[in-house]
Amino acid sequence: MTFNFGFAWHILPMLAKAAEITVFVTVVSFALSLVGGLLIWWLRTSKIALVSRVTSGFSDFIRGTPLLLQVFLIYYVGPRYGLVLSPIQTGLIALGIHYSCYMSEVYRSAFGAVNRGQQEAARALGLSPWRTFQKVILPQMYPVVVPIAGSYLVYMFKDTPILSAITVRELMQVASQIGSTNFRYMEPITIVGILFLAMSLLAAWASRVIERKIAVP
Amino acid sequence: LPFFGISLSPTIAAVLALGLCFGAYGAEVVRAGMLSIPRGQREAALALGLKPLYVLFFIELPQAFVIMLPPFANLLVLLLKSTSVTALITVPELTFETSAISSNFGVNIFIFGYSMIAYYAMSRGIFAVTGTLEHRFGISSRLTPKQMALEPI
């Protein structure tokens, strides 16, 4: 069994197409989790004890259970309760919710890293709570959030193969299909590995560049 | 791999893959832990005439161990959750059995609910144990954001 470059070249277009889906799923669910994380964090800091309790319990539960199981739950149990989603929608929602809970923790720690006096000073100067958050607190949270969000982006990217279990046609799914139809697993899996490595290095590099851009001097 | 004449059972393959992958993450944690020990500790110990290996095992590692506890707890929970992926290569573990049962007896939210609760209980258990260890060894500081997110690459 040797690496057949002709065959590798032959299957490259199929894998490139699958890579598009992988990237699409990653980017969309990353955007979802950035917003969702903010929402969960906001609910957790709610003044109503019940709301914050329930949200933090939910967040802990999601972070304590595997993504694959959550994907199965939404995909197989959802239709019983009238929640019919295509595989890719399921994937987006599951990944989005899963990483929202992680992102909410990131926001929380970033908020904790901002000096409390900043908020008090801004409020004392007569800024409204929303303006305080938007103009004073948030810009100071970026340096903490960005590197961690960048590493979560890579994690999400590496979690997309889980969606192959519910027949999303992403890289891993297509690679194993090619493997089983041609009885050659060597080339597709190797190419997928290289693609994943390249793309996660790219994402890590991008996150480092942004990190340097927004660094507080 | 079977093409190279190496046939592994699903379970062995899963253990190997997870072990190697998380071993790499673990190495990062250990590295960060060792780097956080001031150089002076090692230099002082060597200056006192202790053997290098002795310094490593009795001076540096005990200090690094305490620092490495919280990230290792996170890593362990991550590993616990990652074992569910091995269901895809038919390792008969919790997630695999869950989907098997639900395909045999009809899809039911309770089947999934039970196994999710089982996973949750296990991850709580891990945090409980490491939490006690942390108290035992005298650090109760909160995790810094850097420790919270393990570098993926």
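Note that the stretch B:1-92 shows a convex hull volume over its alpha carbon atoms of 121 Å³ per residue. In terms of other Cβ atoms within 10 Å, A:Tyr155, B:Tyr114 run from fewest to most in the order B:Tyr114, A:Tyr155.
Over all residues in B:106-115, what is the mean tally of Cβ atoms on other chains that come within 10 Å of each residue's Cβ?
Details: counts 1, 8, 3, 6, 1, 4, 8, 2, 0, 5.
Per-residue shielding by partner chains comes out at 4.
The Cα trace of the protein assembly as shown gives Rg and Dmax of 23.1, 74 Å, the first to one decimal, the second as a whole number. Neighbouring Cβ atoms from other chains, within 10 Å of the Cβ of residues in A:69-77, number 6 on average. Between the Cα long axis of helix A:5-44 and the first principal axis of chain A there is an angle of about 20°, rounded to the nearest 10. Full extension of the chain between B:Val15 and B:Leu46 gives 7.2 nm of extra length, using 0.36 nm per residue less the Cα-Cα distance.
Hey, which lysines would be in cross-link range of B:Lys81, C-alpha to C-alpha under 29 Å, not counting anything within fewer than 8 residues on its own chain? Straight-distance partners of B:Lys81: A:Lys158, B:Lys146.
Fully extending the segment from A:Lys135 to A:Thr190 would add 15.1 nm, taking 0.36 nm per residue of separation and subtracting the current Cα-Cα distance. For the peptides A:110-123, B:92-105, the ranking by packing is B:92-105, A:110-123, with the highest mean count of neighbouring Cβ atoms within 10 Å listed first. By the count of other C-beta atoms within 10 Å, a proxy for reagent exposure, A:Asp159, A:Asp60 are ordered fewest to most as A:Asp60, A:Asp159.
Can you tell me the length gained on complete extension of the stretch A:Lys158 to A:Val54, counting 0.36 nm per residue apart and subtracting the Cα distance? Walk me through the numbers on the way to the answer.
Details: separation 104, 0.36 × 104 = 37.44 nm, distance 2.94 nm.
Residue separation times 0.36 nm, minus the Cα-Cα distance, leaves 34.5 nm.
Per residue of A:171-183, count partner chain C-beta atoms within 10 Å of its C-beta, then hand back the mean as an integer.
Working: counts 0, 1, 0, 0, 0, 1, 0, 0, 0, 0, 0, 0, 1.
If you average over the peptide's residues, the count of other-chain Cβ atoms is 0.
Helices assigned as whole DSSP H runs in chain B whose Cα atoms extend at least 20 Å along their own long axis and whose mean Kyte-Doolittle hydropathy is 0.0 or higher are found at B:10-35, B:61-82, B:109-136.
Over the stretch A:22-158, consider all pairs of different Cα atoms and compute the Kirkwood hydrodynamic radius from their mean reciprocal separation; express it in Å, one decimal. Each step should come with its number before you reach the end.
Numbers: mean 1/r = 0.0615 Å⁻¹.
Every distinct Cα pair counted, the radius reaches 16.3 Å.
Cβ crowding within 10 Å, taken as a proxy for footprinting-reagent exposure, orders A:Trp9, A:Trp42 from fewest neighbours to most as A:Trp9, A:Trp42. Per-residue 3J(HN,Hα) values for the stretch A:49-55, derived from phi via the Karplus relation 6.51 cos²θ - 1.76 cosθ + 1.60 with θ = phi - 60°, read 4, 4, 4, 5, 4, 4, 5 Hz in sequence order (x marks Gly and Pro). Relative contact order for chain A: 29 percent, from Cα pairs under 8 Å spaced at least 6 residues apart, divided by residue count.
Where a number appears in this text, it was derived from the coordinates with a stated rule and is not lab data. Remember, it's a predicted structure, so these values are computed and weren't measured experimentally. So basically every Cβ, Gly included, is an ideal-geometry build from the backbone, and we count neighbours across all protein chains shown.
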